[in-house]
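Please treat every number below as a calculation from the coordinates, not as lab data. Only a predicted model underlies this, so the values are computations on that prediction, with no experimental measurement involved. As a convention, Cβ positions derive from the backbone with ideal geometry for all residues, glycine included, and neighbour counts pool all protein chains shown.
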Amino acid sequence: MASPGTGKVVYEHEGVFIHSSYGKDDAQDSLISGTLRVIEKDADVIVDWRRLEETLDSSNILCAVKDSSSVVEWTPTPTVGSVHGTSHQNSYEAEWDMVNTVSFKKKQFSNGGVQSPLNMQSKWSFLFSLTDLKSIKQNKAGMGWSYFVFCLKDDVVLPALHFHQGGSELLLECLEKYVVLCESEQDGRVLLVNNQNKSLSQSFENLLEEPTYNLLQKLKKDPYTATMVGFSKVTNYLYDTLRGTDPSTHRRPPQEMADFLGDAIPDLKINQQEESGFEVITRIDVGTRPEVHRRDPVSTSEWDSYMDPEGRITNVDHLKNIIFKGGLCHALRKEAWKFLLGYFPWDSTREERANIQKRKTDEYFRMKLQWKSVSEEQEKRNSRLRDYRSLIEKDVNRTDRTNKFYEGQDNPGLILLHDILMTYCMYDFDLGYVQGMSDLLSPVLYVMENEVDAFWCFVSYMDQMHQNFEEQMQGMKTQLVQLSTLLRLLDSGFCSYLESQDSGYLYFCFRWLLIRFKREFSFQDILRVWEVMWTGLPCQNFHLLICCAILESEKQQIMDQNYGFNEILKHINELSMKLDVNDVLSKAEAISLQMMKCKDLPPAVCDVLGLKSNTTPFGELCDESLLRKHHQSSSPQHISVPTPSANGTKSQTLPVSVHTPTSA
């Protein structure tokens, strides 16, 4: 599945020999020296043995390919790569990807013989995925060198590996981090791979019974992979692994599961019980929830009416208000998103924007040249760049491929997606590329249809999302705690129910927050959701109110059906592409108005929303009568609107001047 050059080597030992004539009385034993490695690559683990003289030549690796009868056979690696022209990538990786879920079978010859997977012109090197390992046979204790014989599924037996320089025990210790090995009852020398709790999806196939390695390690190392593929496929595995097979352990304390998953993000604390240092939000009457209505998207003529003769945007706050209420027509997005994301200043003229674009174009291509000019020899000595490239190529090939902008082979959109992400690695090499970032870039590139503009808009968006992808996941810690604070105020009963079902940590919202609902709404709807959020209205952290709105809509079914841990994860995961964007945004806005009108709003909630208790409700600003005055009055009006401060922790009240825009 993965090449050693692009994965993390977790075990490496030289002096591992194959005795080519071992066991044949009439043949002289020939020793073939090699290096054995165990490589951790994304969600897969590869065992790789190569002849000493072949360690630098991937063409000698035997890989599994499909023949016309759909039977897997071993074949020398093709000399030409087959993955979208990525010639630098080891060619056998793509072939392995093709068959990672297909069992290995012996190839039958027409005369009834069996082809050995290694009987091919003395090409002894091999590799296999740990998910295809069936058993390991060991030598008898005290009988010469230690050796292992790997038996794969469907009884493909690899040649014995002899450890002339020790290291066999360390190999077993390494493998036991990923698979459970137990002695065979028939033969004590045979270690069987226990597949009883085998993962139900590729992304979770290495979550084993060993708690120090399994879920916590995967979530810490790669929260994207651990949440993107779909909780619905792994919930039974996850829950059964944690609670074990003993029926007496099936009734668990409500907080135990929350504590376990909460530990996946260090320092995450969900207030399931009263703890020191936390404000306990008692039941507060937040008042009645107002009815809100969405308006039509802002049209090109409306947008033009806010622009003066030199191209400056006037009445920015008012324009943001109507964008918040209805979004933008698609024809406007290419221009308006540059303002919403901060690529262009709102008060810039057309000439100033042209100069910005020229300067940013030069800067972009200087950074792009940095990675474009890296030779293969240089890249061999830059493991981080190799890892970034490998992840990007893998993600690009599976990002929004049903969208016409990205569908098909050798699509220009895919090339731009790849190049922009690689250039971002040069822009922010410390962060580099983390899985999930392609989901954030894809809609931006789709709208911009321009490499440079898409890059700088993506940079601005990543400035907002940066903490979500940092190694310590500080952004995710903060958001999950903040969401718990809001939900407890809105519906403490629902929070109590979730806690009773081991779900009070709200971890099922992780995907929503990580990539801002990208997988929850249709492609066109996510454009609307994002541009509404980018206005910064009606309060700080509006996306958390969107979470609350979705959960409130699903609350009744979850509680009426008495959903438990598994069912809640499955149900939330299956909401993907089924959400009504206008209904969700209307409900989230109504929740914000309801909270802003509450006189007894707890300080913790005020901090999350960036509000002061005496601010004028946003609803007064968005009143349709006020919006009509934009075209009727030339005198400025001063209206208090809650806006987050620069440090994101307090709020301020700013005057909003509403003028009649100058006619173009």
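Observations on the model:
- Mean-position separation - Cα centroids, the range 531-588 and the range 343-362, in angstrom: 37
- The range 461-583, relative contact order in percent, only Cα pairs under 8 angstrom and at least six apart counted: 29
- Neighbour net charge for Q165 - beta-carbon separation under 13 angstrom, K R +1, D E -1: -3
- Amide H to amide H, with H built 1.01 Å from N, V16 comes under 5 Å of G34, L36, counting only residues 5 or more places away or on other chains.
- Taking other residues whose beta carbon is less than 12 angstrom from the beta carbon of F148, and scoring Lys, Arg as +1 and Asp, Glu as -1, yields +1.
- Phi angles across the range 169-184 convert, under the Karplus curve 6.51 cos²θ - 1.76 cosθ + 1.60 with θ = phi - 60°, into 3J(HN,Hα) values of 5, 5, 5, 4, 4, 5, 5, 5, 6, 10, 9, 9, 10, 9, 5, 6 Hz, Gly and Pro given as x.
- Among the listed pairs K41/K358; K177/K368; K334/K599; K372/K404, those with a Cα-Cα distance over 32 Å are K41/K358; K177/K368; K334/K599.
- Charge sum, other residues only, whose C-beta stays under 15 Å from L332's C-beta, Lys/Arg counted +1 and Asp/Glu -1: 0
- The alpha-carbon positions of the range 457-514 define a convex hull whose volume is 84 Å³ per residue.
- Full-stretch length increase - E376, Q556 - with 0.36 nm per residue and alpha-carbon distance subtracted: 59.1 nm
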